[in-house]
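The structure appears below as structure tokens.
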Amino acid sequence: MRLIDIKEKIKIAHANNLFRYDYSSSTGLFTLYNIHNLQIVLETLRDINFFSETDRILHFPVLGSTDHAFRSIDIDYVYDNILSTNLEKFSFDKKSFDPIRLFFLNLESILNLLYNWFEYLIPEEQDNQTLNIKLPVIKGLDNLSKVANDLKISISTVVNSFPNGKVEIKQFDHGSFWLVLGVGSALTLIASLTWSAAVIAKKINEFRYTNGLIENLNIRNEALNEVKEALKEKIKIDTSLEAELIKNEFFSEDKNNKEQAVRIEKSITILAELILKGTEFHPAITSSEDVSNLFPNYKNLLLNESKIKKIEE
């Protein structure tokens with residue numbers, strides 16, 4: 001997982017760690033409030049494997065202790081008690097509440113430290129002009145140079161001709177190889193390019209599969225080559241149609257610019273090959289679902305349908 005993803009999760013946990021309780025001397029019960037927020041804290045920390053999956057016991061210093069005593073807290077006990085209720089507040093007796101109180105009071109200090117550390121370490125915030133690129137496996141500098149050049153051709157050449165579009169490197173990130181770009185107003189354009197590229201990547205996969213099947217058949221070489229050429233031509237036509245769709249949507253004032261159409265077509269072709277090698281393109285991690293859904297599904301390319309069909313329907 002990338003540091004920027006962990007930072008965002010810590011930020012969410014920090015904002016929701018609204019631990020508050022009171023004690024009733026008449027009933028001897030502790031009432032815990034803001035349980036919904038605390039549930040968000042626990043679920044968010046679980047998303048980033050904040051607590052060990054194997055060692056589920058934490059050792060916290062006992063607050064107010066003068067002999068440096070520690071108390072062992074069962075993480076699952078806290079999770080079970082907080083996540084199992086739909087109530088916004090809940091009452092506990094002292095024995096049941098003590099480990100929960102100790103857990104969240106210590107967690108507050110930990111989250112404060114991590115939140116401030118991440119704000120200092122990664123001050124750059126992501127917004128609606130941010131593009132996250134998961135690069136394919138890179139084994140050498142030559143490979144890195146090739147990928148960088150492919151990204152330059154497939155993204156920069158199209159984005160730079162888009163109004164207020166720009167490409168600037170914001171940062172690199174840990175967790176595989178991630179590149180964070182600022183793309184100005186061109187995020188939806190890039191989303192459409194990557195969507196069309198995913199559609200073409202799916203067709204290339206289908207072509208390669210079909211190619212493998214027909215090569216195992218007893219077909220004369222001339223006929224085999226004709227089938228292969230026909231499949232290649234089909235992919236080329238589909239790529240041109242996808243490029244035309246994007247040109248008409250994003251460059252409507254320049255519809256007759258043939259060079260623009262060629263640039264978009266080349267962009268889709270290169271992006272499709274990058275996607276097949278494992279490259280992924282994502283908006284900012286804080287983006288709404290509407291924005292995230294503009295980008296393709298990389299885990300299952302079969303789910304990406306051409307938007308040409310929707311327009312025709």
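The values are calculated or read from the model by the stated rules, or taken from the named source; none is laboratory data. Please read these numbers as outputs of a predicted model, since none were measured by experiment. When we count neighbours, we look across all protein chains shown, and the Cβ atoms used for this are built from the backbone with ideal geometry, even at glycine.
A few points about this structure:
- Residues of segment 240-254 that turn out to be hydroxyl-bearing (Ser, Thr, Tyr) and either within 17 Å of Thr157 (Cβ to Cβ) or surrounded by 13 or more Cβ atoms within 10 Å (Cβ to Cβ) (or both), as a count: 1
- Pairing each residue of segment 228-253 that is farther than 17 Å from Lys266 by Cβ with any residue that is of a type outside the set (D, E, K, R), provided the two are 6+ apart or on different chains, yields C-beta distances under 6 Å for Leu231/Phe207.
- Residue in segment 185-207 that is aromatic (Phe, Trp, Tyr), farther than 17 Å from Glu273 by Cα and surrounded by fewer than 19 Cβ atoms within 10 Å (Cβ to Cβ) present: no
- Answer from Asn106, Asn132, Asn128 - the residue that is among the polar types (S, T, N, Q), surrounded by 16 or more Cβ atoms within 10 Å (Cβ to Cβ) and closer than 16 Å to Phe295 by Cβ: Asn132
- Within segment 1-44, the set of residues being over 17 Å from the mean Cα position of the chain (by Cα) and among the hydrophobic types (A, V, I, L, M, F, W, C) comprises Ala13, Ala15, Leu18, Phe19, Leu29, Phe30, Leu32, Ile35, Leu38, Ile40, Val41, Leu42.
- Among strands (runs of 3 or more DSSP E) entirely within segment 1-98, having at least 2 residues that are modelled with pLDDT of 90 or more and charged (D, E, K, R) singles out 20-24.
- Test: Val227 is surrounded by 13 or more Cβ atoms within 10 Å (Cβ to Cβ) and either basic (Lys, Arg) or more than 28 Å from the chain's Cα centre (by Cα) (or both): yes
- Residue within segment 27-38 that is surrounded by 15 or more Cβ atoms within 10 Å (Cβ to Cβ), under 30 Å from Asp173 (Cα atoms) and not polar (S, T, N, Q) present: yes
- Candidate set from segment 125-157 (those that are part of a loop (DSSP other than H, G, I, E, B) and under 17 Å from the mean Cα position of the chain (by Cα)); member that is modelled with the lowest pLDDT: Glu125
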